[in-house]
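Shown next, in structure tokens, is the structure this report addresses.
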Ligand code: HEC
């Protein structure tokens, strides 16, 4: 047997392996693609598990804007405000650009800047730019005023919005007082907090067992 023949044999073996694995992968793909829509078995979920899942699905507790504002940093807000300066000026007497001048916006009425052509949506919304309204608008402009012409996606991070609002507040004469943090219900002793959560009940039930 010379080297040439050995090469041929090795080649044939490799080729056979290639076909074999190729076919296996093809069948795998074929059968995966035709997997049944409903699995042939049902996973039994115990009641406890369901309760747990429900507890986990509860939305996260919303962070109080007042709490965020109390620890916000106007200096950081200045950096966040870079996202606004393409369309807005902050200085007193600053020009209206694509958006209105924002001096004195905190506490002012919606759509009150002279000489700016607001959208009808904003004009019809009415109300005051209090801290909550500003927070909601900056988080999601079109969510707060559907039809606003402020083409800005919004700032998703609540702490960044609080920094920005504190910065914006510096550009005003009146500087309305910051909202006071509502006392937290969680701080109260459990007996007073009304209905017990399912986990508490479970825990209590387990404690009572001998
Ligand atoms: C792409 C341009 C653009 C950007 C970026 C932008 N805005 Fe605006 N903004 C506008 C326009 C346009 C309006 C007017 C909206 C209307 O009339 O519906 C507006 C309106 C507003 C108003 C309401 C003004 C009033 O007089 O009632 C506030 C407050 C505001 N913007 C804050 C911000 C802040 C804070 C940022 C940065 C996070 C920002 N905007 C980023 C274009 C922009």
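Restricting attention to region 136-151, does a residue exist that is at pLDDT 95 or above, farther than 25 Å from residue 104 by Cβ and within 16 Å of the ligand (Cβ to nearest atom)? Scanning region 136-151 turns up at least one residue that is at pLDDT 95 or above, farther than 25 Å from residue 104 by Cβ and within 16 Å of the ligand (Cβ to nearest atom). Residues in region 152-202 that are at pLDDT below 85, surrounded by 12 or more Cβ atoms within 10 Å (Cβ to Cβ) and part of a loop (DSSP other than H, G, I, E, B): 181, 193, 196, 197. Taken over region 117-135, the criterion of being within 15 Å of residue 84 (Cβ to Cβ) and either touching a strand residue (DSSP E or B) at 6+ places or on another chain (Cβ under 9 Å) or within 7 Å of the ligand (Cβ to nearest atom) (or both) is satisfied by 129, 134. Scanning region 58-97 for residues that are touching a residue at least 40 places away in the same chain (Cβ under 8 Å) and over 25 Å from the mean Cα position of the chain (by Cα) yields 90, 91, 92.
The values are calculated or read from the model by the stated rules, or taken from the named source; none is laboratory data. None of these values were measured; they are calculated from a predicted model. Backbone-built Cβ (ideal geometry, glycine too); neighbour counts: all protein chains shown.
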